[in-house]
1. Which three extents, in angstrom, do the Cα atoms of region 200-254 have along their principal axes, listed largest first?
2. Among Leu230, Gly250, Gln279, whose Cα sits farthest toward the positive end of the charge dipole of region 121-298 (+1 at Cβ of Lys/Arg, -1 at Cβ of Asp/Glu, about the Cα centre)?
3. In nanometres, what is the gap between the two model label sites at Leu249 and Asn54, each 7 Å from Cα along Cα-to-Cβ?
4. If I model a spin label as a point 7 Å beyond the Cα along the Cα-Cβ vector, how far apart are those points for Ser223 and Glu159 in nm?
5. If you look at just the Cα atoms of region 26-99, how large are its Rg and its Dmax in Å?
6. Take the alpha carbon atoms of region 7-23, find their center, do the same for region 59-86, and report the distance between the two centers in whole angstrom.
7. Using Cα pairs under 8 angstrom and six or more residues apart, how large is the relative contact order of the chain, in percent?
8. Compute the signed sum of charges (Lys and Arg +1, Asp and Glu -1) over the other residues within less than 13 Å, Cβ to Cβ, of Leu239.
Amino acid sequence: MFLKNLSLINFKNFDTFDIDLCDKVNCFIGDNGIGKTNILDSIHYLSFCKSFVNLSDRQNIKDDEDFFLINGDFSRLDNEEKISCAFQKDKKKSFKKNGAEYQKLSEHIGFLPVVYTTPYDSNLIHAGSDVRRKFVDTIISQFDKNYLQTLISYNHILEQRNQILKNYYKTRHLDMEELEIWDMQLVEFGEKIFKARNSFITDTSEIFQKYYSLISNNMENVSLKYSSHLLEDDFAEKLSASIDRDKFLGFTNVGVHKDDFDFLLGENPIKRFGSQGQQKTFVISLKLTQFDYIKSKINLAPILLLDDIFDKLDKKRVKVITGLVSDENFGQIFITDTSYSRMPNILNELDIKHKIVNLSNNKTVTNYE
Ligand SMILES: Nc1ncnc2c1ncn2[C@@H]1O[C@H](COP(=O)(O)OP(=O)(O)OP(=O)(O)O)[C@@H](O)[C@H]1O
Ligand SMILES: [Mg+2]
């Protein structure tokens, strides 16, 4: 699968932008603030129906304009797919495939899988467990249509249950029958979520270690460890065992909403024991693992967006990564850089099919056609 043409109108700093792309490596180079990340973000839009930078669609409209439009022509399983996203101030976002409007945006998720790395990825290591849960949940949602719905249902039931506990806190009255009904559903959805997250961790441990070793060129042992109340105990039993505590605190203390994923270098958390370069390598390996996992599930190579890959990584490691992702196992790749020579040199040394777009002078260089 690959993006053949991308066109933007009034998207962030671009009034108009239109470009044909290479099915292998595309490299956007230019100074800070020129719009490299914005281009990758527009591709993210076409896959996830939203920005990975801004929460609100409105912020993506170019200043002083009142709409933006993103058009992408894709080649997917030998079919041409025209995807467009339009947003006008104070109107509903319009998202279309081949001219037909999606009724629900969730129907589109997973159709054009994308894996992206950004400098913000270090949040995966340093931020709270919710960021890691969201990372794993987003991966699973790209191939499992029911998963997102299960998550929404779980959170809905959890809210209801917490409401009852909060009321108990005020009134000292608890309707045990009502609680049991919520518990049954919480267990049903929670177990499904647990299974999917657990499979992700067990299915990817080898490949994750492989990527890390290849990129760092050493045998440091790295791993992802799933930490969940459901690993050792039966969820239903655990819930009833914690009822006194839940009543005392006024919310649900056990369940998959408390899950976390430990990122380990040897036996130690990479957060405290890893250098910046090791942490960056860890996160990139994680993203490549994500790529492999999604590909193995849907038999389609996701588009890989590598934003600011030189941030904290030396040229040697970037060359290894570029070589790795140019392998036929991978599909189309987008890379950004501020240096005018670094990526062109690497791509020429490795003799990889590519297109280089210099956003500062609007020149493109290709080594194919
Ligand atoms: N809605 C908007 N309207 C106009 N300009 C915008 C809008 N949103 C973002 N920008 C501008 O886009 C520019 C940032 O672009 P982007 O983050 O893509 O740069 P970059 O090339 O990735 O830079 P860096 O090398 O620093 O990562 C900023 O100058 C910002 O002001
Ligand atoms: Mg950027």
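Please treat every number below as a calculation from the coordinates, not as lab data. All figures in this text were calculated on a predicted structure; none of them were measured in a lab. Ideal geometry is used to build each Cβ from the backbone, glycine not excepted, and the neighbour counts take in all protein chains shown.
1. Projected onto the principal axes, the Cα atoms of region 200-254 cover 52, 19, 13 Å.
2. The residue sitting most towards the positive pole is Gln279.
3. 3.8 nm
4. Going from the Ser223 label point to the Glu159 one covers 3.8 nm.
5. Taking only Cα atoms of region 26-99, I get Rg and Dmax of 13.3, 40 Å.
6. That distance is 9 Å.
7. Values: 612 pairs, mean separation 88.6, N = 369.
Rounded, it is 24 percent for the chain.
8. Around Leu239, the surrounding residues sum to -4.
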